[in-house]
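First the structure, in the form of structure tokens, and then the observations on it.
Nothing in this text is a laboratory measurement; each read-out follows from the coordinates by a stated rule. Every value quoted in this text rests on a predicted model; they were computed, and no experiment measured them. Neighbour counts are summed over all protein chains in view; Cβ atoms, including those assigned to glycine, are modelled from backbone coordinates with ideal geometry.
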Amino acid sequence: EGKGQQAEQRKSLLELAQEAGNKEAIELIKQIEALKEKRRALIEEKKKMSRTLHYKMFELQTVNTLIQMGNLGDYKEKSAKVRNLLRQKRNLDFRISTESFSLEDEKEIKRRIKEINKQLDEALRVVKLFRKRELVTKDIEEYTKKIEEERKDINSISDSITAMYDKLKGMLNLRAKRQERERRIAKPAKKPAPLPPEINLESIAVIKKK
């Protein structure tokens, strides 16, 4: 009997449902498997986003370190400087293309343009770092939000699967079967009938005298 119980326990829910011919239970099992597959996909997606989030946080730390070490000042101030330098460069380029200058004046204007380009490259490098920090910070916020949404979805699916399993067990009467097995296991064994009193030679002698 013990081996039979173990074999029954090893049977899958689908096998039990098929043996019972319970179409509703079979359909419920299919729904459970579909939800489990969806949960596995969400878990994998959450893992990928967590790895990306970890990289973004490291990237933000690196950008912040560069800004702090470079003592780069304020983002708005640097952005205004870039706009001013670009305006100066456009004006000088326009003058060279539309006006006539002496050789010395033309050299001076080109020297000023070269200096402006140098300052512009440095200012743009700084502005790009600040913009990079803004973009990475935004990415971190978005990934953190998505991961939290994925976590809620995974938990919701897990709760649904648990509820469906409970319903399935009721359909297949598994709880009642398990309780019955537990009662059989817990039922005390019958006590053996008492043995007749031991008869020895002395007892036989007493009986004969009587």
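Here are the numbers:
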quantity	calculated
Residue 141-residue 164 FRET efficiency (beta carbon distance; Förster radius 45 Å; 0.05 resolution)	0.80
Length added when fully stretched, residue 20-residue 58, from 0.36 nm per residue minus Cα-Cα	8.0 nm
Cα extents of the stretch 67-160 along the three principal axes, largest first (Å)	84, 31, 15
